[in-house]
């Protein structure tokens, strides 16, 4: 029986085929008694449907050809790429990378950085970068400094001393060009306190890129970082820093942090003064915080107006101590003593050392303006309050683009906590780098200073 040919569920013909088959089966006998006009209408409909099927088939064929051509083109590109990167080309690429790595300040490296920055500037959809672990062999990337084997002026130095001076930067050899360019004073209990500040102006003031505020670590002072500031000045940035109230050359009760509020207020007031004296419309602002200064930097991004800072750098950031058990041991006693002897020096600077960094650490402590050797009862409590507030209530509000740089041999702060905070910062535009041979004093190491500075400047140049 031909009726089975009309069962669309069995062979799925097109509408045109179905009608055509119906006409072939029944038009002659016409069991429905269709008139000639109805037969013609049915025939016309079948022809139209057939035409539509033909056009549809043609369209599908064209799409298939286009897809086929696209696949062939992709295969051709893949083949061309594969054939292009020959062993000699791979060697050239490797040599180029080695050249840049060995001489980060050379022309090739600078040209490369410039190209990367231009590409990054055009990237309007910046995403979180991958964590980068930088492992460098000793002897590479050492600054081209000339050393006098006699120590100069008849001073005799041992081979050990010469190697120490070659690796660790003696900040006393460098000075800021401008001391207290801003007459900045704060009030505390009817007392006027002068805040010491420094500036390293951009070398080319006509083409200034922005202003950088540097926030020093606990117990130290801004005067240690003229050697660091000069890099940013050469790159087109004005570099400003203050000694926190009570520390360095600033006035105030020695080695005492009055409160988190006073810290933030002092920095905000200074930044306002800088804007008034050196700021220009649309001039970008950045922060670089070191150790405890990183914690304060994060808090300042929340205290200042939104988008006040274009980006910030966090170096060996303090969000929790590596030797936290030492603080936990004293915190109960500190709270008790705080009522009767808040300035009592209860704890030593919390360094965990395996012996390799002892002399480097001692060099830090021997600074005449260093006040980090002992930590007072008051400062233990204020520091813990700042840390707790940040970790519990503030870390998930940081939206300023940032680059975090850690030392793999960190011996003061907890890298694990810093990485956890980094992951929780609700901003996609962020990067984290670990130099696995460095400890907490990451910007006092001559072998790595150029690399870290380039990391920061490249990030700032693209924001």
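We did not get these values from a lab; they are worked out from the coordinates using the rules stated. Quick caveat, the model's predicted, so the values are computed rather than measured.
The table below gives the values:
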read-out: Rg over Rh, two decimals, the range 157-307 (C-alpha only, Kirkwood Rh); value: 1.00
read-out: Geometric extent, Cα atoms of the range 171-229 - Rg, Dmax (angstrom); value: 13.7, 42
read-out: Directionally averaged shadow of the range 237-395, computed from the convex hull of its alpha-carbon atoms, nm²; value: 10.8 nm²
read-out: Debye equation applied to the C-alpha atoms of the range 396-435, log10 I(q)/I(0) at 0.24, 0.25 Å⁻¹; value: -0.80, -0.85
read-out: Hydrodynamic radius of the range 411-463 per Kirkwood, over alpha carbon pairs, in Å; value: 12.7 Å
read-out: Rotationally averaged projected area of the range 313-463 (alpha carbon convex hull; nm²); value: 10.1 nm²
read-out: The range 171-305 - percent relative contact order, Cα under 8 Å, separation 6 or more; value: 28 percent
